[in-house]
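Q: Got a structure for you, questions after.
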Amino acid sequence: QVQLVESGGGLVQPGESLRISCVASGDIFSIFAMGWHRQAPGKQRELVASITTNGNIDYSDLVKGRFTISRDDAKNTVYLQMNSLNSEDTAVYYCHADRTKGSTTTVRTWGQGTQVTVSS
């Protein structure tokens, strides 16, 4: 099993920055990708950014150039640095981890989420 704990959300004004974190524990050796999704009320959950063990990084067009995903393998932690925040970034941000189970199965684990609110 893998457990994910997000932290760092809060209330910020437009144009400000925030960094959120996701700490993984458990069967971490099987994780091959981690990242962030977000979900606003009444909207679909959408991919924000992801990073794989091979170093491949993917960003949503909505955040590319403003957000940066990074990882600290020693701490089993993935970060999302969010700059130039605007009201459209307001959402619950969920961390995910993808891992192999056995030899043929992929499992996605979700964290509980952290609220990010951008308001003046």
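The values are calculated or read from the model by the stated rules, or taken from the named source; none is laboratory data. Note that the structure is predicted; figures quoted are calculated from it, not measured. With ideal geometry, Cβ positions are generated from the backbone for all residues, glycine too; neighbour counts draw on all protein chains shown. Only protein heavy atoms, including side chains, enter the accessible area calculation; ligands, DNA and RNA are left aside. Shrake-Rupley method; radii C 1.70, N 1.55, O 1.52, S 1.80 Å.
Q: Sorting check: for 112-120, 29-37, 7-15, 90-98, which peptide has the highest mean count of neighbouring beta carbons within 10 Å, and how do the rest follow? Mind dumping the intermediate values first?
A: Values: 112-120: 15.3, 29-37: 19.0, 7-15: 13.3, 90-98: 20.9.
Per-residue Cβ counts within 10 Å, averaged per peptide and sorted highest first, yield 90-98, 29-37, 112-120, 7-15.
Q: I want the local charge near L47. Using Cβ-Cβ distances under 11 Å, sum +1 for each Lys or Arg and -1 for each Asp or Glu among the other residues. Numbers along the way, then the final one.
A: Values: positive: R38, R45; negative: E46, D58, D61.
Its environment carries a net charge of -1.
Q: On to the next question. Evaluate the distance, in nm, between pseudo-label points positioned 7 Å from the Cα of E88 and of N54 along their respective Cα→Cβ axes.
A: 3.1
Q: Full-extension gain between S17 and F32, please, as 0.36 nm times their residue separation minus the C-alpha to C-alpha distance.
A: Values: separation 15, 0.36 × 15 = 5.40 nm, distance 2.81 nm.
2.6 nm is the gain from fully extending S17 to F32.
Q: Considering the dipole of the chain built from charges on the beta carbon (Lys and Arg +1, Asp and Glu -1) around the Cα centre, which of P14, N83, Q115 is farthest to its positive end?
A: Of the options given, the answer is Q115.
Q: Go ahead and collect, in residue order, the members of the range 14-45 whose backbone nitrogen is under 15 Å from a label point 7 Å along the Cα-Cβ direction of V5.
A: It comes to 21-27, nothing else.
Q: Shifting gears a bit: Compute the accessible area per residue over the chain, keeping the other protein chains in place, probe 1.4 Å, unit Å². Write down the numbers at each step before the final one.
A: Details: 6550 Å² over 120 residues.
Accessible surface, normalised per residue, equals 55 Å².
Q: Check the straight Cα-Cα distances from K101 and name the lysines below 23 Å, setting aside those fewer than 8 residues away within the same chain.
A: Straight-distance partners of K101: K75.
Q: Count the net charge of all other residues whose Cβ sits under 12 Å from the Cβ of S17, scoring Lys and Arg as +1 and Asp and Glu as -1. Intermediate results must be reported in sequence, preceding the final value.
A: Working: positive: R19, R66; negative: E16, D89.
The answer is 0.
Q: Hey, any idea what % of the chain's accessible area is carbon plus sulfur with a 1.4 Å probe?
A: Details: 3060 of 6550 Å².
Reported share for carbon and sulfur atoms: 47 percent.
Q: Right, something else. Among residues other than T77 whose Cβ falls under 14 Å from its Cβ, what is the net charge (Lys/Arg +1, Asp/Glu -1)?
A: Values: positive: R19, R71, K75; negative: E6, D72, D73.
Net of charged neighbours comes to 0.
Q: Which loop trypsin sites (Lys or Arg not before Pro) in the range 1-97, with loop taken from DSSP, have no more than 15 other Cβ atoms within 10 angstrom of their Cβ?
A: On the way: sites: R19, R38, K43, R45, K64, R66, R71, K75; in loops: K43, R45, R66.
Filter output for the range 1-97: K43, R45, R66.
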